[in-house]
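To keep things clear, I will list the structure first and then write my remarks on it.
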Amino acid sequence: MATYVAPIPQVSASRAQRQASGWTSWITTTDHKRIGIMYMVTTFVFFCLGGVEALMMRLQLGAPNNTLVTPAVYNQLFTMHGTTMVFLFVVPMFAGLANYFLPLMIGARDMAFPRLNALSFWLLLAGGVVFYASIFFNPPEAGWTSYAPLSNANFSPSGGQDAWIYLIHLTGLSSILGAINFYATIANMRARGMSWGRLPLFIWAILTYSVLIIFAMPVIAAAVTLLLTDRHFGTHFYDPANGGSPLLWQNLFWFFGHPEVYIMVLPGFGIVSEILPVFARKPIFGYKAIAAATVAIAFLGFLTWAHHMFTAPIPEAILVFVMLSSYFIAVPTGVKILNWIATLWRGTIEFKTPLLFCAGFIALFLIGGISGVFLATFPVDWQLNETYFVVAHLHFVLMGGSVFTIFAAIYYWFPKMTGRMLSEGLGRLSFVLMFVGFLTTFLIQHVIGLDGMPRRIYEYDNVGNLHLYNLISTVGSFILGLGVLVTIVNVARSVKVGVVAGPDPWKGNTLEWFTPSPPPQNNFDVIPVVRSAEPMKDIRREVQRRTTGADATGTATVPSGATQVGV
Ligand code: HEM
Ligand SMILES: [Cu+2]
């Protein structure tokens with residue numbers, strides 16, 4: 001039993017420094033860590049572009065009958081913004097995090113298919129470049145959902161709509177190849193002793209994310225291919241005048257689109273399930289329930305797509321089924337929220353920035369989930385569909401569910417990736433600005449929606465309190481933007497001058513903390529044998545036992561000179 005502990009590798013730090021440098025070594029790399037970093041940097045740039053588009057829209061909406069942008073430009077802004085956030089930020093950002101941390105957390109030296117992995121990144125970048133090239137001719141205007149007939153050749157003659165289609169093809173292929181790679185890596189390359197029941201919950205989430213991508217992405221790829229042939233080769237798949245059906249697009253889009261929501265939030269759930277136990281200094285409450293709930297959410301997610309189509313001509317019996325199955329998803333989601341709260345309950349809580357972002361996430365996602373139950377009730381949706389209530393809901397879910405967990409991950413894992421800590425002070429400031437800014441921007445939009453303001457509209461008359469409410473929302477969005485900026489400053493600063501982190505600054509539970517920060521090219525000189533779902537706790541306990549001769553609680557630091565300790 002005492003033989004499983006491996007020495008903390010000493011040589012690796014110097015080997016890390018010997019890694020090839022220079023830009024050619026980056027573009028030719030197949031190292032999952034470098035690919036992960038390229039993913040994260042690229043997607044963060046897209047996040048900033050999407051954010052600028054959002055702020056331009058909020059500026060336009062800050063005053064009634066404003067003329068800052070034209071109606072066409074407003075259409076382009078929300079189309080670019082929604083598309084960018086979904087396809088070029090959230091989904092690939094999780095792929096980037098998984099790229100960097102999946103092999104480390106399961107004790108592997110790289111992904112199963114390193115070259116395919118590099119290809120996934122370059123396809124993503126190509127998709128983003130093709131899409132953004134459209135700003136030089138005419139960006140798409142049909143929204144991120146590209147509904148028929150808005151997206152057909154009559155309404156959207158510009159090449160921008162085609163750029164949107166190519167973006168879906170390229171990023172979709174990137175995601176599918178990435179997902180196959182994640183799946184193969186998890187299935188085959190786990191450290192000795194890491195049974196399915198000891199898989200870190202982030203890895204369970206990435207496994208589920210991958211399966212969702214493999215089932216959902218090909219459907220949207222097919223749907224946009226039909227759109228392409230409709231636009232250019234005279235087919236009529238979505239054209240009712242010639243026997244086609246706009247409903248076909250809606251069904252295909254949302255068969256992908258609803259699972260896509262889980263593709264965008266489940267990895268975040270996984271991140272939270274990793275971070276909470278570390279900062280509450282307690283094991284996760286209900287490991288099996290969380291893993292099972294992850295899989296259940298993914299499965300149920302394929303039954304509910306028509307809740308995005310409640311106003312379409314669909315038989316009421318089906319609407320009832322969709323409504324009930326949508327409610328049902330609240331059960332596994334509630335299980336997770338209860339488990340997270342139970343994990344924090346009576347923990348020795350350290351209020352560090354990663355935990356703050358996780359707590360913010362729980363609060364925001366809960367609100368988004370509750371407004372989701374409202375919208376899943378189809379008579380309510382008939383009233384609220386296409387109003388700002390939906391805009392509020394989707395941002396609580398996506399921004400609360402994805403962005404806050406991504407920021408938690410940045411603060412938690414930055415020390416591992418760079419060897420330096422982010423500033424806590426700036427981290428807290430960033431969190432407070434983002435949280436307050438978020439609530440100021442989006443809480444009021446529920447009211448704006450109930451007052452009847454439609455979404456995707458570039459202007460409004462000053463009736464009731466619409467001006468005031470919209471102004472509040474606009475001010476909030478700039479506070480939020482400022483919060484993001486503070487994190488950018490924090491990252492830029494800490495890369496150079498941050499406090500040196502050491503291998504395991506948080507006393508983490510999972511194997512990425514076993515190796516130096518940043519990890520050497522081969523990740524581990526020796527891969528430890530895993531004995532529980534919290535291998536680092538076992539290793540610390542073992543080190544302590546050998547150093548002091550006493551069995552401790554597992555909270556000791558693994559000295560980086562563990563080799564000399566004779567472990
Ligand atoms: C900086 C924070 C953000 C602000 C201020 C913001 C603002 C907006 C605005 C003003 C709209 C257009 C509403 C309309 O006219 O109907 C919009 C739409 C949208 N946003 Fe955001 N947003 C933010 C972040 C995000 C994030 C992080 C995501 C996704 C992860 C996201 C996803 C979307 C989607 C999918 C739409 C719908 C686009 C469409 O109607 O086609 N947004 N957002
Ligand atoms: Cu949905």
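Brief remarks follow.
- Residues of the range 140-161 satisfying the condition of being within 16 Å of Gly234 (Cα to Cα) and surrounded by fewer than 21 Cβ atoms within 10 Å (Cβ to Cβ): Pro149, Ala153, Asn154, Phe155, Pro157
- Conditions (1) assigned to a loop (DSSP other than H, G, I, E, B); (2) free of Cβ contacts under 8 Å to residues at least 12 places away in the same chain; (3) not polar (S, T, N, Q); number of the one not met by Tyr238: (2)
- When the range 301-328 is limited to residues that are part of a helix (DSSP H, G or I) and within 11 Å of ligand 2 (Cβ to nearest atom), the one that is surrounded by the fewest Cβ atoms within 10 Å (Cβ to Cβ) turns out to be Ser325.
- Cβ pairs under 7 Å, 6+ apart, first in the range 200-225 and assigned to a helix (DSSP H, G or I), second of a type in the set (Asp, Glu) and buried (at least 22 other Cβ atoms within 10 Å of the Cβ): Leu201/Glu274; Phe202/Glu274; Ala216/Glu260
- Within the set Gly62, Gly82, the sole residue that is within 16 Å of ligand 2 (Cβ to nearest atom) and either surrounded by fewer than 22 Cβ atoms within 10 Å (Cβ to Cβ) or over 30 Å from Asn462 (Cβ atoms) (or both) turns out to be Gly82.
- Taking residues in the range 132-158 that are in contact (Cβ under 8 Å) with a residue 24 or more places away in the chain, and partners anywhere that are of a type in the set (Lys, Arg), the pairs with Cβ atoms closer than 6 Å and at least 6 places apart or on different chains are Ala153/Arg231.
- Boolean, Phe396 is in contact with a helix residue (DSSP H, G or I) (Cβ under 8 Å, 6 or more places away or on another chain), within 16 Å of ligand 1 (Cβ to nearest atom) and on the phi < 0 side of the Ramachandran plot: yes
- Set side by side, the residues Met434, Met421 differ, and just one is closer than 19 Å to Leu97 by Cβ, touching a Phe, Trp or Tyr at 6+ places or on another chain (Cβ under 9 Å) and more than 12 Å from ligand 1 (Cβ to nearest atom), which is Met421.
- Selected residue (only one of Asn490, Asn523 is of a type in the set (S, T, N, Q), under 15 Å from Met417 (Cβ atoms) and part of a loop (DSSP other than H, G, I, E, B)): Asn523
- In the set Thr304, Thr348, Thr294, Thr311, only one residue is of a type in the set (S, T, N, Q), modelled with pLDDT under 95 and within 16 Å of ligand 1 (Cβ to nearest atom); that residue is Thr311.
- Ile106, sole failed condition from (1) under 30 Å from Trp196 (Cβ atoms); (2) within 14 Å of ligand 1 (Cβ to nearest atom): (2)
- Considering only residues in the range 437-468 that are part of a loop (DSSP other than H, G, I, E, B) and of a type in the set (Gly, Ala, Ser), the one that is nearest to the chain's Cα centre (by Cα) turns out to be Gly452.
- Here Gly257 passes the criteria (1) out of contact with any Lys or Arg (no Cβ under 9 Å at 6 or more places or on another chain); (2) more than 16 Å from ligand 2 (Cβ to nearest atom); (3) small (Gly, Ala, Ser) except the one numbered (2).
- Test for Leu384: is it buried (at least 19 other Cβ atoms within 10 Å of the Cβ), of a type outside the set (Ser, Thr, Tyr) and more than 23 Å from the chain's Cα centre (by Cα): yes
- In summary, Ile318 fulfils each of the numbered conditions (1) out of contact with any helix residue (DSSP H, G or I) (no Cβ under 6 Å at 6 or more places or on another chain); (2) in contact (Cβ under 8 Å) with a residue 40 or more places away in the chain; (3) under 25 Å from Val219 (Cβ atoms) with the single exception of condition (2).
- Residue pairs meeting the criteria (Cβ under 7 Å; at least 6 apart or on separate chains; first at pLDDT 95 or above, in the range 159-177; second outside any helix (DSSP H, G or I) and of a type outside the set (Gly, Ala, Ser)): Gly160/Phe137; Gly160/Asn138; Gly160/Pro139; Gly160/Pro140; Gln161/Pro140; Ala163/Pro140; Trp164/Pro140
- Just one residue in the set Ala98, Ala112, Ala148, Ala142 is farther than 15 Å from Phe47 by Cα, among the hydrophobic types (A, V, I, L, M, F, W, C), at pLDDT below 95 and touching a helix residue (DSSP H, G or I) at 6+ places or on another chain (Cβ under 9 Å); that residue is Ala148.
- Within the range 352-399, the set of residues being part of a loop (DSSP other than H, G, I, E, B), of a type outside the set (Asp, Glu) and touching a residue at least 60 places away in the same chain (Cβ under 8 Å) comprises Lys352, Asn385.
- Within the range 47-68, the residues that satisfy the criterion of being near ligand 1 (Cβ under 9 Å from one of its atoms), under 10 Å from Thr474 (Cβ atoms) and in contact (Cβ under 8 Å) with a residue 40 or more places away in the chain are Leu55, Arg58, Gln60, Leu61.
- Of note, Gly270 does not satisfy the criterion of being within 16 Å of ligand 2 (Cβ to nearest atom) and in a helix (DSSP H, G or I).
- Against the conditions (1) in contact with a Leu (Cβ under 9 Å, 6 or more places away or on another chain); (2) surrounded by 15 or more Cβ atoms within 10 Å (Cβ to Cβ), Gln445 satisfies every one except (1).
The values are calculated or read from the model by the stated rules, or taken from the named source; none is laboratory data. Given the structure is predicted, the values throughout are model-derived calculations rather than measurements. Because the Cβ atoms are built from the backbone with ideal geometry, glycine has one as well, and the counts that use them run over all protein chains shown.
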